[in-house]
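Everything on this sheet refers to the single structure shown next.
The values are calculated or read from the model by the stated rules, or taken from the named source; none is laboratory data. Values in this document were obtained by computation on a predicted structure and should not be read as measured data. Here the Cβ positions follow ideal geometry from the backbone for every residue, glycine too, while neighbour counts run over all protein chains shown. These area figures cover heavy atoms from the full protein model, side chains too; ligands, DNA and RNA do not enter into them. Shrake-Rupley method; radii C 1.70, N 1.55, O 1.52, S 1.80 Å.
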Amino acid sequence: MTAADTEKALQKAVNPAKTRKGKKILLAKEPQIIENDKQTMILKGAKTSGMVNDVLADMYKIRRQNTVMMAKSNPFLPFEDTQPLLDLLAKKDTSMFLFGSHNKKRPHNLVFGRTYDGQMLDMLEFGVTGFKKLCQFKQPKIPLGAKPCLIFNGDMFERYPEWGVVQNYLCDFFNTTKTSSINLQGLEYVLSFTACEPNILMMRSYEVNMKKSGTSTPYVELEEIGISLDLVLRRTQLAAPEVKKLALKQPKAAKIGKTKNITHDLAGSKLATVHMTKQNLQEMPQSRMKGSRKPEEGEFVKKSKRKVVKESGDEGAGEEEVEAMETS
């Protein structure tokens, strides 16, 4: 048991919930086998610039789902003292944050961070060098809840460990809900991230327009809709290896093992393969018509005649007797 778990257990024992609503809140904050969607907090520092305020407002519009926007200023210094920020995140039950500040040493500053089990996991500090607001683009905006397609350009995401963490964080930040598949018609907009030397990250947003191409694959056009953001990486605080190992660990109950001879189709129905021995269809009891089955031994066979009347237009018009077998 970690120190955070011990502290939570002591707090629960000293101050137990007295109402049903309080019990539900405490149960929701406890670790779950299948975690809910990650919540994000956007907050301001003691001093911010107009550009930082605009960036935070537009990021909230893009990431409005599962996001809390704090209106008041907070005199926090995430890289110097994380405890006040951790207390606020625990109070709002959020695990990710975006912190904006501005000073002479680090102008137009943005800090992205994640927490795990009540402690800071990693933090990334960027400086804003270029920015275009959403209102500067006249194209229609993306509706709430639409999932973006994330595109990462540049080999820096693979060459440097800190840029690999940047890519992982951006996937967490913009991946609001988890889905196993997506419809091609539901792909409405794209977020493109380009990393280049020296430590520059460019973020662009595009609307996806699908047009007829004469084939099964549509012709795709991208139209920029904002926001347009240019960042420079300043400082990083990466997670310790043992903390990162704990954060990536999955409980055994959450792991779905493969079941032999059982698959699922696109509709989610379960399909099973049953292996059986070779069957003799002649010996299987089947329901047959009375006239198609063979008479058994000792069974009386009665012959009967029925008349078939042919039409006058046919050759050999008239009546014809046809013998039929009847069994009793």
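Let's see how each residue does on (1) under 20 Å from Leu88 (Cβ atoms); (2) modelled with pLDDT of 80 or more; (3) exposed (fewer than 11 other Cβ atoms within 10 Å of the Cβ):
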{"site": "Ala9", "(1), (2), (3)": "no, no, no"}
{"site": "Lys18", "(1), (2), (3)": "no, yes, yes"}
{"site": "Lys23", "(1), (2), (3)": "no, yes, no"}
{"site": "Ala28", "(1), (2), (3)": "yes, no, yes"}
{"site": "Gln32", "(1), (2), (3)": "no, no, no"}
{"site": "Thr40", "(1), (2), (3)": "yes, yes, no"}
* Asked: Does the range 55-74 hold any residues that are crowded, with 19+ Cβ neighbours inside 10 Å and either in contact with a Phe, Trp or Tyr (Cβ under 8 Å, 6 or more places away or on another chain) or modelled with pLDDT under 90 (or both), and which are they?
  -> Val55, Ile62, Thr67
* Asked: When you go through (1) among the aliphatic types (A, V, I, L, M); (2) in contact with a Gly (Cβ under 8 Å, 6 or more places away or on another chain); (3) over 28 Å from Leu86 (Cα atoms) one by one for Met123, which number turns out not to apply?
  -> (3)
* Asked: Got at least one residue in the range 81-89 being surrounded by 16 or more Cβ atoms within 10 Å (Cβ to Cβ) and either at positive phi or aromatic (Phe, Trp, Tyr) (or both)?
  -> no
* Unmet requirement for Ala146, which otherwise passes all of (1) under 15 Å from Gln65 (Cβ atoms); (2) open to solvent by less than 20 Å² (accessible area, probe 1.4 Å) -> (2)
* Asked: Of Phe152, Phe112, Phe131, which residue is at pLDDT 90 or above, open to solvent by less than 20 Å² (accessible area, probe 1.4 Å) and outside any helix (DSSP H, G or I)?
  -> Phe112
* Structure fact -> Among (1) under 19 Å from Phe174 (Cα atoms); (2) among the polar types (S, T, N, Q); (3) without any contact (Cβ under 8 Å) to a residue 60 or more places away in the chain, Asn103 falls short only on (1)
* **Residues being farther than 29 Å from Ala267 by Cβ, of a type outside the set (S, T, N, Q) and either open to solvent by 30 Å² or more (accessible area, probe 1.4 Å) or touching a residue at least 60 places away in the same chain (Cβ under 8 Å) (or both) - total across the range 170-215** => 13
* Asked: Can you pull out the residues in the range 239-263 that are of a type outside the set (Lys, Arg), open to solvent by 80 Å² or more (accessible area, probe 1.4 Å) and within 30 Å of Phe79 (Cα to Cα)?
  -> Pro241, Glu242, Leu246, Leu248, Gln250
* To do: Please tell me if Leu121 is touching a Cys at 6+ places or on another chain (Cβ under 7 Å), within 26 Å of Met41 (Cβ to Cβ) and not in a loop (DSSP other than H, G, I, E, B).
  => no
